[in-house]
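The values are calculated or read from the model by the stated rules, or taken from the named source; none is laboratory data. What you see is a predicted model; the values in this text were computed from it and never measured. With ideal geometry, Cβ positions are generated from the backbone for all residues, glycine too; neighbour counts draw on all protein chains shown.
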Amino acid sequence: DIQMTQSPSSVSASVGDRVTITCRASQAIGSWLAWYQQKPGKAPKLLIYDASSLQSGVPSRFSGSGSGTDFTLTISSLQPEDFATYYCQQANSFPPFGGGTKVEIK
Amino acid sequence: EVQLLESGGGLLQPGGSLRLSCAASGFSFNSFAMSWVRQAPGKGLEWVSTISGAGGITYDADSVKGRFTISRDNSKNTLFLQMESLRAEDTAVYYCAKGMTGKYYYFDSWGQGILVTVSS
């Protein structure tokens, strides 16, 4: 089974900061990777699919990159509404999620 | 607008059974794969099961295989999860999620979630 490892597990940042979250797959998955945002008590929201395609309606400050085993989600300028937990998810086969990265206010 | 509304959750004892439903609207239901994803309290997301648009193909996580059954009624735009032999570790918020066009495992719409608690 493919395992997804996210780092860091949490990050403290300020409004306006550039934030980068990394996701590593235990084996190559091509570009079959998605990123989700989840706020407390809410359902997850799809941000990025196919590693770098921005889902409709998602602000352009979110971007994704990578292929194979190493992937990155970048928030170019953190906004107050971006404080949340972010999950990667491989979609090459049965889709395990990464453990999540909580973006907290510094 | 896509809407997914889960129902059927609750509190039950270990070994019990429960059926979750997810009523869908705002899209051509039978054209999209649907899935269940769960989240234990304070934990991350765990994929549970997926069913193809026509309902003929299903996939289950190892953790629920043989105990949970995903199904759908396309005439009623409704997704189901039949849960048997429930365990304490099945306690979670269960979300139904819609797959993207041609991409089973990208979930572009989610329900609000329904809580299932398994406890004696």
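Can you tell me how many residues within segment B:94-120 are within 10 Å of chain A (Cβ to nearest Cβ), of a type in the set (A, V, I, L, M) and surrounded by fewer than 21 Cβ atoms within 10 Å (Cβ to Cβ)?
Selection size over segment B:94-120: 1.
Collect the residues in segment B:28-74 that are in a loop (DSSP other than H, G, I, E, B), away from chain A (no Cβ under 11 Å) and crowded, with 16+ Cβ neighbours inside 10 Å, keeping them in residue-number order.
Residues satisfying the conditions are B:32, B:33, B:52, B:53, B:55, B:64.
Return the residues of segment B:75-120 that are part of a loop (DSSP other than H, G, I, E, B) and among the hydrophobic types (A, V, I, L, M, F, W, C); say none if nothing qualifies. Steps first, answer last, please.
Keep residues of segment B:75-120 that are part of a loop (DSSP other than H, G, I, E, B), which gives B:75-77, B:84-87, B:91, B:101-102, B:111-113, B:119-120.
Matches in segment B:75-120: B:86 only.
From B:35, B:71, which residue is farther than 22 Å from residue A:35 by Cβ, among the polar types (S, T, N, Q) and touching a residue at least 12 places away in the same chain (Cβ under 8 Å)? It would help to see each step written out before you state the result.
Details: B:35 fails: farther than 22 Å from residue A:35 by Cβ.
One residue alone meets the criteria, B:71.
List the number of the failed condition for residue B:102; all other conditions in (1) on the phi > 0 side of the Ramachandran plot; (2) in contact (Cβ under 8 Å) with a residue 12 or more places away in the chain hold.
Only one criterion in (1) on the phi > 0 side of the Ramachandran plot; (2) in contact (Cβ under 8 Å) with a residue 12 or more places away in the chain is unmet by residue B:102, namely (2).
Name the residues in segment A:50-71 that are out of contact with any Phe, Trp or Tyr (no Cβ under 9 Å at 6 or more places or on another chain) and either facing chain B (nearest Cβ under 9 Å) or of a type in the set (A, V, I, L, M) (or both), would you?
Listed by number, the residues that qualify are A:56, A:58.
Of all residues in segment A:13-48, which are part of a strand (DSSP E or B), within 11 Å of chain B (Cβ to nearest Cβ) and touching a residue at least 24 places away in the same chain (Cβ under 8 Å)?
Let us first name the residues in segment A:13-48 that are part of a strand (DSSP E or B), namely A:13, A:19-25, A:33-38, A:45-48.
Now restrict to residues that are within 11 Å of chain B (Cβ to nearest Cβ): A:33-36, A:38, A:45-48.
Of everything in segment A:13-48, those that are part of a strand (DSSP E or B), within 11 Å of chain B (Cβ to nearest Cβ) and touching a residue at least 24 places away in the same chain (Cβ under 8 Å) turn out to be A:33, A:34, A:35, A:36, A:38, A:47, A:48.
Provide a single number: the residues in segment A:59-98 that are hydrophobic (A, V, I, L, M, F, W, C) and modelled with pLDDT of 95 or more.
First pass over segment A:59-98, keeping only residues hydrophobic (A, V, I, L, M, F, W, C): A:62, A:71, A:73, A:75, A:78, A:83-84, A:88, A:91, A:94, A:97.
Imposing the further condition that a residue be modelled with pLDDT of 95 or more reduces the set to A:62, A:71, A:73, A:75, A:78, A:84, A:88.
Residues flagged as hydrophobic (A, V, I, L, M, F, W, C) and modelled with pLDDT of 95 or more within segment A:59-98 amount to 7.
Taking the stated definitions as given, is residue A:63 over 13 Å from residue A:100 (Cα atoms), in contact (Cβ under 8 Å) with a residue 60 or more places away in the chain and outside any loop (DSSP other than H, G, I, E, B)?
Values: over 13 Å from residue A:100 (Cα atoms): yes; in contact (Cβ under 8 Å) with a residue 60 or more places away in the chain: no; outside any loop (DSSP other than H, G, I, E, B): yes.
No.
Could you list, in sequence order, all residues of segment B:1-27 that are closer than 23 Å to residue A:45 by Cα and of a type in the set (D, E, K, R)?
B:1, B:6
Quick check on my filter: what residues within segment A:72-106 are more than 14 Å from chain B (Cβ to nearest Cβ) and either hydroxyl-bearing (Ser, Thr, Tyr) or surrounded by 15 or more Cβ atoms within 10 Å (Cβ to Cβ) (or both)?
A:72, A:73, A:74, A:75, A:76, A:77, A:78, A:82, A:83, A:103
Can you tell me which residue among B:45, B:11, B:81 is within 30 Å of residue A:84 (Cα to Cα), modelled with pLDDT of 95 or more and under 12 Å from the mean Cα position of the chain (by Cα)?
On the way: B:45 fails: under 12 Å from the mean Cα position of the chain (by Cα); B:11 fails: under 12 Å from the mean Cα position of the chain (by Cα).
B:81 is the lone residue from the list that is within 30 Å of residue A:84 (Cα to Cα), modelled with pLDDT of 95 or more and under 12 Å from the mean Cα position of the chain (by Cα).
Which condition number does residue A:92 fail, the rest of (1) closer than 30 Å to residue B:58 by Cα; (2) not in a loop (DSSP other than H, G, I, E, B) being met?
Answer for residue A:92: the failing condition is (2).
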